[in-house]
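Colleague: Attaching a single structure in structure tokens format; questions to follow.
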Amino acid sequence: MELRFFNTLERRLMPFESLTPGAAKMYTCGPTVYNFAHIGNFRAYVFEDILRRTLEYFGYAVTQVMNLTDVDDKTIRDSRAAGLPLREFTAKYKEAFFSDIRTLKIEPAEVYPAATDHIPEMIALIRTLMDRGFAYQAADKCVYFSIDKCRDYGKLARIDRENQRDGVRISTDEYAKDAVGDFALWKAWDEADGDVFWESPWGRGRPGWHIECSAMSMKYLGESFDIHTGGVDNMFPHHEDEIAQSESATGKKWVNYWLHCEHLMVDGMKMSKSLGNFYTLRDLAAKGWRGREIRWVLAGAHYRKKLNFTLDALAQARETLGRFDALFDRLRGIAAAGDGAETAALVAGARDAFAAALADDLNVAPALAAAFELSRHANRLADEGRLSRAGADAVLACFRDFDRVIGCFEVDAERGAETFPAEVVALAEARAEARKAKNFAESDRLRDELTKLGFAVKDIPGGKWELKKL
Ligand code: AMP
Ligand code: ZN
């Protein structure tokens with residue numbers, strides 16, 4: 001089955017072909033560690049996780065790099081406000097980030113390079129850009145990238161080059177589309193930076209935000225790689241500037257596929273720190289919500305559509321996941337003999353539908369619809385007493401497989417009633433035999449014995465039975 005992604009660079013769906021067959025290399029812009037990430041940020045990271053897991057599901061060996069921005073305008077500003085050295089200040093938020101991704105069952109990337117550990121690589125890249133005539137040091141001592149020298153600057157964000165203002169220089173990390181201009185690669189030290197600076201051929205200073213991603217991605221993934229992702233707000237200026245720097249330095253195409261996820265919204269506005277309309281994972285955990293419920297909500301919508309966040313959606317997630325839990329518990333209690341033929345076609349159909357949906361630009365909703373449908377069928381077969389142990393195992397195996405991508409199903413979790421001791425199963429089997437032989441005194445005695453052990457046995461059509469913990 002062919003994987004297809006919507007490539008922002010070309011604004012169209014394209015079949016995915018990696019540079020090395022069977023391997024996928026991707027760079028995902030990571031957190032700026034000046035605060036706890038909010039669940040809007042985590043929408044982007046969950047989307048990237050679904051992408052990573054889908055690639056793995058389709059057999060790719062994935063190498064993912066996610067940077068930690070631990071020096072920029074915001075980290076410096078807030079560490080100084082907190083009266084802490086930059087490294088100490090950001091360490092707390094790095095740790096919180098790793099704890100949060102565990103809560104959300106986000107698979108770890110292969111490398112999490114921190115910007116402050118890669119200053120020499122950034123200086124080397126800026127030097128190359130200087131040597132090749134793409135960068136210059138201005139009177140303010142900052143080093144800027146000259147967008148005039150870069151023929152296709154604006155190709156990702158589709159910037160209107162005609163209306164660009166000449167001679168504009170921007171030294172802040174983030175700026176709007178109408179402020180297009182030469183952007184800072186190296187920022188000369190000023191008082192607001194305090195003790196945060198590195199020596200460079202251009203004097204004391206620190207790198208700009210964009211150069212960090214170019215330098216670290218190429219260090220770990222090579223001068224050309226397969227996929228680069230982020231939220232839509234990263235497209236300009238961040239990703240545009242990353243492309244300009246990287247391709248001007250190497251003369252090669254840098255990234256083949258760009259994938260951007262839409263925003264998580266609250267009441268029609270982007271969830272963001274500056275608007276104050278955000279929840280962190282900790283806020284939601286304090287209200288009793290679990291990581292897998294939050295993940296279910298974030299992962300359930302198509303990544304290219306805006307998603308409105310509500311607590312109601314979390315309540316629905318809890319109910320839905322509870323129904324899946326009940327199915328898994330039930331399937332584990334099935335003991336009837338049989339070869340599983342009753343589920344073979346259902347499971348095969350569900351697997352095909354699931355894979356086809358994900359292959360189609362990570363279309364999670366129809367993939368989950370395949371899971372819902374399989375669950376309905378399995379429950380129906382069990383109600384009718386037509387589900388065998390082998391059939392139940394096939395359904396469970398299928399959900400285990402789906403969970404390689406979805407990451408919310410707890411197929412094998414201990415929930416109390418789901419595992420039955422061998423002696424309990426033996427008693428239930430003996431009771432069924434006694435009933436079959438119409439020895440009701442014995443079957444009642446065995447039922448009482450099960451009750452004493454804390455288990456109820458329920459007869460279902462076809463001479464079959466189910467166990468439940470009392
Ligand atoms: P930042 O720490 O602001 O650089 O953001 C980290 C990641 O989260 C980036 O990929 C952003 O595009 C993404 N992001 C920020 N806010 C949202 C949001 N409300 N919805 C989805 N992604 C977001
Ligand atoms: Zn980046």
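Where a number appears in this text, it was derived from the coordinates with a stated rule and is not lab data. Keep in mind the model is a prediction, meaning the values are calculated, not measured. A quick note on method: Cβ atoms are made from the backbone with ideal geometry, for glycine too, and the neighbour counts reach across all protein chains shown.
Colleague: What is the helix-to-structure angle for 119-131, meaning the angle in degrees between its Cα long axis and the longest Cα principal axis of the chain, kept from 0 to 90 and rounded to the nearest 10?
Modeller: The answer is roughly 50 degrees.
Colleague: Let me ask another. Please give the net charge around Glu17, taking every other residue with its beta carbon less than 14 angstrom from that of Glu17, where Lys and Arg add +1 and Asp and Glu add -1.
Modeller: In short, 0.
Colleague: Also, quick follow-up: Could you tell me how many degrees, from 0 to 90 and to the nearest 10, lie between the Cα long axis of helix 311-333 and the main elongation axis, the longest principal axis, of the Cα atoms of the chain?
Modeller: So the inclination is approximately 40 degrees.
Colleague: Distance check, please: which entries in Lys253/Lys306; Lys149/Lys252; Lys141/Lys253; Lys155/Lys273; Lys105/Lys469 exceed 19 angstrom between their Cα atoms? Could the numbers behind the result be given before it?
Modeller: Values: Lys253/Lys306 30 Å; Lys149/Lys252 16 Å; Lys141/Lys253 30 Å; Lys155/Lys273 29 Å; Lys105/Lys469 29 Å.
Pairs exceeding the cut-off: Lys253/Lys306; Lys141/Lys253; Lys155/Lys273; Lys105/Lys469.
Colleague: Find the centroid of the Cα atoms in region 383-458 and in region 303-336, then give the distance between the two in whole Å.
Modeller: 22
Colleague: Give the Debye-formula value of log10 I(q)/I(0) at each listed q (0.07, 0.12 Å⁻¹), with one equal scatterer per alpha carbon of the chain, two decimals each.
Modeller: For the chain at q = 0.07, 0.12 Å⁻¹, log10 I(q)/I(0) is -0.47, -1.04.
Colleague: Taking only the alpha-carbon positions of region 328-376 and ignoring solvent, what does the Debye formula give for the base-10 log of I(q)/I(0) at q = 0.16 Å⁻¹?
Modeller: -0.53
Colleague: Let me ask another. Less than 11 Å Cβ to Cβ from Glu262, Lys/Arg counted +1 and Asp/Glu -1: what total charge do the surrounding residues give? Walk me through the intermediate numbers first.
Modeller: Values: positive: Arg43, Lys270, Arg304, Lys305, Lys306; negative: Asp233.
Its environment carries a net charge of +4.
Colleague: What's the local net charge at Glu174, with K and R +1, D and E -1, over the other residues with C-beta under 10 Å away?
Modeller: Working: positive: Lys74; negative: Asp72, Asp73, Asp173, Asp233.
For residues surrounding Glu174, the net value is -3.
Colleague: Something else: Per the helix-only calculation at 222 nm, which mean residue ellipticity applies to the chain, given -39500 (n - 2.57) for every DSSP H run of n ≥ 4 and division by its residues, nearest 500 deg cm²/dmol? Walk me through the numbers on the way to the answer.
Modeller: Numbers: 14 runs with 209 residues, N = 470.
So the helix-based figure for the chain works out to -14500 deg cm²/dmol.
Colleague: Turning to a different aspect of this structure: With charges only on Cβ, +1 for K and R and -1 for D and E, what is the dipole size of region 1-116 about its Cα centre, in debye, rounded to 20?
Modeller: 200
Colleague: Roughly what angle does helix 440-453 make with the longest principal axis of the chain, taking Cα atoms, 0 to 90 degrees, to the nearest 10?
Modeller: Helix 440-453 sits at roughly 40 degrees to that axis.
Colleague: On a straight-distance basis, which aspartates and glutamates could pair with Lys219 in a cross-link, Cα separation under 17 angstrom, same-chain partners fewer than 8 positions away excluded?
Modeller: Glu110, Asp117, Glu121, Glu242, Glu247
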